[in-house]
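The structure under discussion appears below in the form of structure tokens.
The values are calculated or read from the model by the stated rules, or taken from the named source; none is laboratory data. Please read these numbers as outputs of a predicted model, since none were measured by experiment. Using ideal geometry, Cβ is built from the backbone for each residue, glycine included, and neighbour counts are taken over all protein chains shown.
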Amino acid sequence: MSDFRFDGYNSRAATAAQVGVQVRGRPYTERTFINWELDGKGPPVTRVGRDVCYFWPSVKEWLRSQEKSAA
């Protein structure tokens, strides 16, 4: 699927790249996001047929939910 943006929706590749750069300074791969989805660890996805896209506000909410207090 090519990268697209429709009212806050991003492709898996675009989302993985954007989150990776923000979190660790380099993109995550699509495979990482696929693995997270299969493990139930990643951000919520929207499926359109076989294609997957991510709603950016939901991704940001998921990222905030990953916060933990410092020990």
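The table for this structure:
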read-out	value
Residues of the range 4-27 that turn out to be of a type in the set (Ser, Thr, Tyr) and modelled with pLDDT of 95 or more, as a count	1
Subset of the range 2-26 [buried (at least 18 other Cβ atoms within 10 Å of the Cβ), over 21 Å from GLU67 (Cβ atoms) and not hydrophobic (A, V, I, L, M, F, W, C)]	ASN10, SER11, ARG12
Residue in the range 11-30 that is under 13 Å from the mean Cα position of the chain (by Cα), in a strand (DSSP E or B) and in contact (Cβ under 8 Å) with a residue 12 or more places away in the chain present	yes
Test: residue in the range 45-53 that is in a helix (DSSP H, G or I), out of contact with any strand residue (DSSP E or B) (no Cβ under 7 Å at 6 or more places or on another chain) and of a type outside the set (Ser, Thr, Tyr)	no
Condition check for LYS60: modelled with pLDDT of 90 or more, in a loop (DSSP other than H, G, I, E, B) and among the basic types (Lys, Arg)	no
Residue in the range 29-50 that is among the hydroxyl-bearing types (Ser, Thr, Tyr), surrounded by 10 or more Cβ atoms within 10 Å (Cβ to Cβ) and touching a Cys at 6+ places or on another chain (Cβ under 7 Å) present	yes
